[in-house]
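The values are calculated or read from the model by the stated rules, or taken from the named source; none is laboratory data. Keep in mind the model is a prediction, meaning the values are calculated, not measured. Because the Cβ atoms are built from the backbone with ideal geometry, glycine has one as well, and the counts that use them run over all protein chains shown. The area values use the complete protein model at the heavy-atom level, side chains included, leaving out ligands, DNA and RNA. Shrake-Rupley method; radii C 1.70, N 1.55, O 1.52, S 1.80 Å.
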Amino acid sequence: MADPILQSTLTCPHCGARMVETMPLDACVFFHECRGCGVLLQPKPGDCCVFCSHGDIACPPIQQHGSCCARQAA
Ligand SMILES: [Zn+2]
């Protein structure tokens, strides 16, 4: 299995700013403040983290198992 990609480019849905951020391997990022407009990015309903909703690369748990912390319980 390939190592997960740890950098994702977040795109702010409000101002369109793009931010390259490093994702943690073992945690989900629920909130991320936009560097452009300061809005607090949040996951869309059903998504586990801001990277899955607004990033171009899904978070590491999704890359490796296809599931994430928010979905494991089901
Ligand atoms: Zn923004």
field: Conditions (1) at pLDDT 90 or above; (2) more than 9 Å from the chain's Cα centre (by Cα); (3) open to solvent by 80 Å² or more (accessible area, probe 1.4 Å): number failed by Met1
entry: (1)
query: For residues in segment 19-28 being within 16 Å of the ligand (Cβ to nearest atom) and surrounded by 13 or more Cβ atoms within 10 Å (Cβ to Cβ), which is farthest from His65 (Cα to Cα)?
result: Met19
query: Among all residue pairs at least 6 apart or on different chains, which show Cβ distances below 9 Å where the first residue, located in segment 4-17, is closer than 9 Å to Cys34 by Cβ and free of Cβ contacts under 8 Å to residues at least 40 places away in the same chain and the second is aliphatic (A, V, I, L, M) and near the ligand (Cβ under 7 Å from one of its atoms)?
result: His14/Val39; Cys15/Val39
- request: Take the residues in segment 29-52 that are under 21 Å from Cys68 (Cα atoms) and open to solvent by 60 Å² or more (accessible area, probe 1.4 Å), then tell me which one is farthest from the ligand (Cβ to nearest atom).
  value: Gly46
- prompt: Which condition breaks for Asp3 when tested against (1) closer than 14 Å to Cys68 by Cα; (2) away from the ligand (no atom under 16 Å from the Cβ); (3) out of contact with any helix residue (DSSP H, G or I) (no Cβ under 7 Å at 6 or more places or on another chain)?
  reply: (1)
